[in-house]
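Novice: Next up is a structure, given as structure tokens.
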Amino acid sequence: RKVGFAIVGLGKYAQEQMMPAFKESKHAKITALVSGSPEKMQKLAKEYSVDAKNCYSYQNFDSIKDNPAVDVVYVVLPPGMHAEYVVRAAQAGKHVLTEKPMANTVAECQRMIDACRKAGKKLMVAYRAQFEPFNLEAIDRIKKGELGKLRYVTSDHGRQVKPTEDKADEWRVVKKLAGGGSLMDIGIYSLNAARYLTGEEPVEVMAMESTDHSDPRFKEVEDQIHFTLRFPSGVLATCTSAYSIETVKRFRAFGEKAFLDLDPATDYYEHNMTIGKADGEMKPSIKEGNQFAAELDHMAECVLENKTPKTPGEEGLRDIKLIMAIYESARKGKPVKV
Ligand code: NAD
């Protein structure tokens, strides 16, 4: 059978990437919608053949507990709202998939984990890059030793945030909804990549922030933040995130014998790998895959086979803990042990 998903928050990412991906998913289907906009919901309900009785507002959302067509609630709201809807979904007896960043604070992440545990339900954080073929290939090649001993990683994620032009960017510059600036939204890809490429957890972080607060976009949230992570093996990762540059989404892992570059690394559809060795560079041929559908299928399989998700709540919490340490280091101008 296909696992039924309720989509909570019918914004840009839900409409443009995730909802279309259900069509390519083997085990997941959309069975319910949750929105504050009845007109938008009606249009999407028609497009995705969702019954009117399976359309909820934020007010009557909790009655989803009586709907057997919904197995999983997928929260695609601004991060400041994730905790409330994840907890309400768990209390309604549903499994939960929530977007990244998991929440604004460590305490909220813990509350989400506790609520799902208490309800005996799965909690997964939607780290799509961990289901994307080029990223999986990069992890595999590093693990197999193709680069020799790994020495360091660099990763950059940046773009121009445009709150006056793009509605989806409006909440991204409001601290209460976004939790922070570029680090929470896209720097998290650099951070998560540093962790999955090394396969280690950092023990120390050091960061610097630079924000022009006279820019109206940056009244509440940071623009650029650069951070270095120290891993137990001695590997360092130097990462950047910025909201005031042309788009970049890349990483490079440097080993004693070779480097592995992915640029773009965390895009939606296009990825490009280069391996550089003493005798020159090569581009391995890797087939693009639908990471969104793969992520949905993974969640569905976890429900069907009673498995723990590859990116559970604890994975989201780890990143939020590190993000808080990065902010602390930038604030204090000192390294912070984690
Ligand atoms: P968006 O603004 O387009 O979508 C947010 C939705 O929440 C909208 O439908 C909006 O109407 C609704 N909403 C309800 N109450 C709201 C409130 N008080 N303030 C603002 N919006 C409210 O944004 P988006 O880019 O689709 O992001 C949604 C989520 O998806 C975020 O958690 C974001 O981090 C995540 N996201 C993930 C990826 C990814 O690649 N994994 C990409 C983009 C966004």
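Novice: For segment 39-55, what are the residues that are crowded, with 16+ Cβ neighbours inside 10 Å and either within 16 Å of the ligand (Cβ to nearest atom) or among the hydrophobic types (A, V, I, L, M, F, W, C) (or both)? Steps first, answer last, please.
Specialist: Going residue by residue through segment 39-55, those that are crowded, with 16+ Cβ neighbours inside 10 Å are 41, 44-45, 48, 50, 54-55.
Within segment 39-55, Met41, Leu44, Ala45, Tyr48, Val50, Cys55 meet the criteria.
Novice: Related question: Consider Arg159 against the criteria (1) within 16 Å of the ligand (Cβ to nearest atom); (2) open to solvent by less than 50 Å² (accessible area, probe 1.4 Å); (3) in contact (Cβ under 8 Å) with a residue 40 or more places away in the chain: it satisfies all of them except one. Which criterion is unmet?
Specialist: (2)
Residue by residue, here is whether (1) over 18 Å from the mean Cα position of the chain (by Cα); (2) of a type in the set (Val, Ile, Thr) holds:
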site: Asp71; (1), (2): yes, no
site: Val76; (1), (2): no, yes
site: Ala83; (1), (2): no, no
site: Val86; (1), (2): no, yes
site: Gln110; (1), (2): no, no
site: Ile113; (1), (2): no, yes
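Novice: When Lys167 is evaluated against the numbered criteria (1) of a type in the set (Lys, Arg); (2) over 20 Å from Met102 (Cβ atoms); (3) surrounded by 18 or more Cβ atoms within 10 Å (Cβ to Cβ), which criterion, by number, is the only one it fails?
Specialist: Tallying (1) of a type in the set (Lys, Arg); (2) over 20 Å from Met102 (Cβ atoms); (3) surrounded by 18 or more Cβ atoms within 10 Å (Cβ to Cβ), Lys167 fails exactly one: (3).
Novice: I'd like the residue in segment 106-134 that is open to solvent by 20 Å² or more (accessible area, probe 1.4 Å) and acidic (Asp, Glu) and, out of all such residues, is nearest to the ligand (Cβ to nearest atom).
Specialist: Glu108
Novice: Looking for whichever is among the aromatic types (Phe, Trp, Tyr) and either more than 15 Å from the ligand (Cβ to nearest atom) or surrounded by 20 or more Cβ atoms within 10 Å (Cβ to Cβ) (or both) here; the options are Tyr58, Tyr74. Which one fits? Please lay out each step first, then the result.
Specialist: Details: Tyr58 fails: either more than 15 Å from the ligand (Cβ to nearest atom) or surrounded by 20 or more Cβ atoms within 10 Å (Cβ to Cβ) (or both).
Exactly one residue qualifies, and that residue is Tyr74.
Novice: Of (1) closer than 25 Å to Val87 by Cβ; (2) more than 15 Å from the ligand (Cβ to nearest atom); (3) open to solvent by 50 Å² or more (accessible area, probe 1.4 Å), Gly36 satisfies all except one. Which?
Specialist: Single failed check for Gly36: (2).
Novice: Going by the structure shown, is Arg151 away from the ligand (no atom under 16 Å from the Cβ) and either in contact (Cβ under 8 Å) with a residue 60 or more places away in the chain or within 15 Å of the chain's Cα centre (by Cα) (or both)?
Specialist: Working: away from the ligand (no atom under 16 Å from the Cβ): yes; either in contact (Cβ under 8 Å) with a residue 60 or more places away in the chain or within 15 Å of the chain's Cα centre (by Cα) (or both): yes.
Yes: the conditions hold for Arg151.
Novice: Confirm whether Lys94 is away from the ligand (no atom under 12 Å from the Cβ) and under 22 Å from Phe131 (Cα atoms). Working first, answer last.
Specialist: Numbers: away from the ligand (no atom under 12 Å from the Cβ): yes; under 22 Å from Phe131 (Cα atoms): no.
Answer is no for this residue.
The values are calculated or read from the model by the stated rules, or taken from the named source; none is laboratory data. Small disclaimer: the values here were computed from a predicted structure and weren't measured. Every residue, glycine as well, gets a Cβ built from its backbone with ideal geometry; the counts of neighbours run over all protein chains shown. The protein model used for the area step is the full one, side chains on, heavy atoms only, and it has no ligands, DNA or RNA in it. Shrake-Rupley method; radii C 1.70, N 1.55, O 1.52, S 1.80 Å.
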